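The values are calculated or read from the model by the stated rules, or taken from the named source; none is laboratory data. Remember, it's a predicted structure, so these values are computed and weren't measured experimentally. A quick note on method: Cβ atoms are made from the backbone with ideal geometry, for glycine too, and the neighbour counts reach across all protein chains shown.
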Amino acid sequence: MDIHGFLAVQQLPNSYAAIAQKWFTPLCDRLLKHQEGAKSPLIVGINGCQGSGKSTLTSFIDAYLSSVHNKNVVSLSIDDFYLDQSDRNELANKVHPLLKTRGVPGTHDITLALNTFRQLKAGETTQLPRFNKATDNPFPKAQWPVIEIVPDFIILEGWCVGVSAEDTASLKSPINELEEIEDSEATWRTFVNEAISDQYQALFNQIDYRVMLKAPSFDCVYKWRLEQEHKLAKSAASDSKGVMSDDEVANFVQHYQRITEFALRTMPDKCDTVFTLDSSRSIIEQDVRK
């Protein structure tokens, strides 16, 4: 694997090479052992809050398995399955105005995700959805990558990947200003929780190996998400109408707080490998179950 080329493409410091060698190459070796003799793709789920490094880890696993071990890897993000603005506006009108904002369960096209997984497993010609966050809509289908073989690995990464529904009683009390003011009747968070308990579990139950990048707390999310948005603003160039200001990011992350905090409490026990992060996103320990 050309680690220096990978660092350049991902805009990562040279220090990432040592991190990858210590933590992520052994993870890839574990994934290879689980995939040995498999007649269908090994599905890997990567969970972590916004800005935790999920996309970079996914890219490393993809590059390492494909270049070093000649494996066919398909990498997907739960973000790739966001509904377009029109569909979210319809949800906002029918259910609750907060559903206009992409992010929470209920704002993804899970039917598309399930069909994509089914086609990949069957070896059918499959278009891989891609979402353009700068325009807040999917890329045109003509720009979606196409795969025509059964992959050895399918990676699904996302902030809510693998999460389960909360007990409905816990939804009654708001946990932040957004819920208190804009969802005083708990309509939005109830809809989101019901979405998690239904189609999302049909998707998440297909995961064979679960990885978590565990943040120290939700307090890190605003800082990390702000860094992402600033990077997006630079890369989006003139097509940047969907890039948020710092204040908009502060409001935006409140949409994710409830599920992120629930995931931090409950997901580690469900995962096969947990990387515990500090506030600067450095890995301070790992817990490997298989």
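Would you list the helices (runs of 4 or more DSSP H) that sit entirely within the range 1-81 and hold 2 or more residues that are at pLDDT 95 or above and among the aliphatic types (A, V, I, L, M)?
Once the helices (runs of 4 or more DSSP H) in the range 1-81 are filtered for at least 2 residues that are at pLDDT 95 or above and among the aliphatic types (A, V, I, L, M), what remains is 25-35, 54-69.
Of all residues in the range 146-177, how many are loosely packed, with under 11 Cβ neighbours inside 10 Å and either hydrophobic (A, V, I, L, M, F, W, C) or under 28 Å from Ser86 (Cβ atoms) (or both)?
2
Return the residues of the range 142-170 that are over 30 Å from Glu185 (Cβ atoms) and part of a loop (DSSP other than H, G, I, E, B); say none if nothing qualifies.
To start, the set of residues in the range 142-170 that are over 30 Å from Glu185 (Cβ atoms) comprises 142-157.
Selection gives Trp144, Pro145, Glu148, Ile149, Val150, Pro151, Asp152.
Tell me, please, whether a residue that is surrounded by fewer than 23 Cβ atoms within 10 Å (Cβ to Cβ), of a type in the set (S, T, N, Q), farther than 28 Å from Met1 by Cα and touching a His at 6+ places or on another chain (Cβ under 7 Å) can be found in the range 91-104.
yes
For the range 256-263, state whether one or more residues are at negative phi, out of contact with any helix residue (DSSP H, G or I) (no Cβ under 7 Å at 6 or more places or on another chain) and part of a strand (DSSP E or B).
The answer is no; no qualifying residue exists.
Closer than 16 Å to Leu83 by Cα, among the hydroxyl-bearing types (Ser, Thr, Tyr) and surrounded by 17 or more Cβ atoms within 10 Å (Cβ to Cβ): which single residue out of Thr126, Thr107 fits that description? Before you say what the answer is, go through the steps one by one.
Working: Thr126 fails: closer than 16 Å to Leu83 by Cα.
Every option except Thr107 fails the conditions.
With (1) in contact with a helix residue (DSSP H, G or I) (Cβ under 9 Å, 6 or more places away or on another chain); (2) over 25 Å from Phe60 (Cβ atoms); (3) at pLDDT 95 or above; (4) of a type in the set (Asp, Glu) as the list, and Asp198 as the residue in question, which single condition is left unmet?
Just one mismatch for Asp198, condition (3).
Give the range 193-214 a look and list any residue that's touching a Lys or Arg at 6+ places or on another chain (Cβ under 8 Å) and among the aliphatic types (A, V, I, L, M), or say none.
Leu213
Go through Arg118, Arg210, Arg189 for me and flag whichever is touching a Cys at 6+ places or on another chain (Cβ under 8 Å) and modelled with pLDDT of 95 or more.
Arg210
Take the range 82-128 and flag every residue that is part of a helix (DSSP H, G or I), of a type in the set (A, V, I, L, M, F, W, C) and under 23 Å from Gln257 (Cβ atoms). Spell out how you get there, then give the answer.
Quick first cut of the range 82-128, residues part of a helix (DSSP H, G or I) only: 85-94, 97-100, 110-122.
Now restrict to residues that are of a type in the set (A, V, I, L, M, F, W, C): 91-92, 98-99, 110, 112-114, 117, 120, 122.
Across the range 82-128, the qualifying residues are Leu91, Ala92, Leu98, Leu99, Ile110.
When you look at Glu148, is it among the charged types (D, E, K, R) and farther than 21 Å from Asp208 by Cα, yes or no? Walk me through it before giving the result.
Numbers: among the charged types (D, E, K, R): yes; farther than 21 Å from Asp208 by Cα: yes.
Answer is yes for this residue.
I want to confirm something. Restricting to the range 124-165 and keeping residues that are among the acidic types (Asp, Glu) and within 19 Å of the chain's Cα centre (by Cα), which single residue is nearest to Ile61 (Cα to Cα)?
Of the residues in the range 124-165, the ones among the acidic types (Asp, Glu) are 124, 136, 148, 152, 157.
Now restrict to residues that are within 19 Å of the chain's Cα centre (by Cα): 136, 157.
Values: Asp136: 27, Glu157: 12 Å.
The residue in question is Glu157.
Out of Asp29, Asp2, report the one residue that is under 24 Å from Asn72 (Cβ atoms) and surrounded by 11 or more Cβ atoms within 10 Å (Cβ to Cβ).
On the way: Asp2 fails: surrounded by 11 or more Cβ atoms within 10 Å (Cβ to Cβ).
After applying the criteria, what remains is Asp29.
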